[in-house]
1. Using a simple spin-label model with points 7 Å from Cα along the Cα→Cβ vector, what separation in nm is obtained for R318 and N188?
2. Please give the contour-minus-distance gain from V295 to V218: 0.36 nm per residue of separation, less the Cα-Cα distance, rounded to one decimal in nm.
3. Cα centroid distance between the range 243-268 and the range 274-348, in Å?
4. May I ask you to sort F216, F190, F238, F183 by Cβ crowding, counting other Cβ atoms within 10 Å and putting the fewest first?
5. Which pairs break 28 Å Cα to Cα here: K189/K241; K189/K374; K254/K333?
6. Remind me, what semi-axes does the range 179-379 give for its equivalent ellipsoid, largest first in whole Å, using sqrt of 5 times each Cα gyration tensor eigenvalue?
7. What's the FRET efficiency of N262 with T178 using the Cβ-Cβ distance as r and R₀ = 25 Å, to the nearest 0.05?
8. What's the extension gain from L5 to R242 if we count 0.36 nm per residue and subtract their Cα-Cα distance?
Amino acid sequence: MICALVAMGHWYLLQPDSRRALPLQVSALNTRVIELGDNLAAAPERVPIVKPASADLKRPTPTDAGRPTPTATPKPTPSPAPMTPAEPVTVATAAPAPAPAPAATTNPVTAPAPLPAAAPAIQPVSEPAPAPLTVPVPRQVASIAEPPQPPPTPEPPLPSRPPRESALTPGAVAVPPTARLLFQGETNKFPFRMRGELVWRQDGLAYDARLTMSAFVVSWEWTSRGELGAQGLLPLRFSEKRRSEVAAHFERDKGRISFSANTPAVPLLAGAQDFLSVMLQLATVIGGEPARYPVATAITVQVAGPRDAEVWLFTVERQEKLRLPGGEQGTLKLVRHPRRQFDQEVAIWLAPAMNWLPVRLRITEPNGDYLDQKWESTEAPS
């Protein structure tokens, strides 16, 4: 703007017009001085304003309008002195609500030095790095990092073993001799009597036993075959025949009992017996050492039926004298008490005078139905 004003002034003065304009006063750039508050330092000294010299020109009066204007050489217009720019005013920004400074310590405010183009990065105070905290990791946690591979599908395991092994481990055995026992049977299901027969054969190495019950056209049969050893009877096969036959097989080489009814196999325990051989095994063991089995003795033995096997608990209940169809006999009563809701109660009476063979057998169902067989006579097997 200043340069434009100077150029216009020169242009105006150099026009060939006879009229002379009033002298143009061109003033230099005025610089304002900002007065700071009382609490700040005093403002710097003001810069004097430099005004350029102007030519002494006279405006023509009206009386001289008709006179010829003598040609006069105008005085050369001195060039304006170069303008000296005002020194920049340094303004300090006051901090918000500062405390008033005392008048005695008033000093000019000095602007802070400009920051360098690239400020050095602030280096953190170096401190000794703490020792890494070592946390013991359990061995099993490390395996969580990788997903475990599914193990190969094994073959279905055998059912778990019963809670207790058989306690029917004899010290001495006395296998009853071969015999054929006849029974009179009764039940609450029929109003008539039934006929029973127990055929027992053994040759010192193997045995064969068969128990049958029949009444008119109704009959059922249990059969047990096996070997004889130092522990007494070792069943190999048990079968039950009513309308059809189902069997259990004692696979001693595989350590299991399998069933023809396609039910799961079960582990074979030491001293395992079946529904029929268990009565003859009790006669063999107790007959070999009766003093080991006083009243209140508990005897456990695994017993297999045609479809499953479980551990039976027998209790030597008492000595009892019975009046039977075949005569009076002194007996030792053993009872298998139910352990579950649908278990049968089995009572067996062994007669010492008949080589501890069973002379009475009573089976009671959970609903109260029963089958009771009582000894009638003893015959030699045919």
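Read-outs: derived from the displayed coordinates by stated rules, not from any lab. What you see is a predicted model; the values in this text were computed from it and never measured. Because the Cβ atoms are built from the backbone with ideal geometry, glycine has one as well, and the counts that use them run over all protein chains shown.
1. It is 2.1 nm.
2. Numbers: separation 77, 0.36 × 77 = 27.72 nm, distance 3.75 nm.
Full extension from V295 to V218 adds 24.0 nm.
3. What the calculation gives is 23 Å, centre to centre.
4. Working: F216 8, F190 13, F238 28, F183 25.
So the residues, fewest neighbours to most, are F216, F190, F183, F238.
5. Values: K189/K241 19 Å; K189/K374 17 Å; K254/K333 35 Å.
Checking Cα-Cα distances, K254/K333 exceed 28 Å.
6. Values: eigenvalues 116, 89, 60 Å².
Ellipsoid semi-axes (Å, largest first): 24, 21, 17.
7. That gives a FRET efficiency of 0.10.
8. Values: separation 237, 0.36 × 237 = 85.32 nm, distance 13.82 nm.
Roughly 71.5 nm would be gained on extension.
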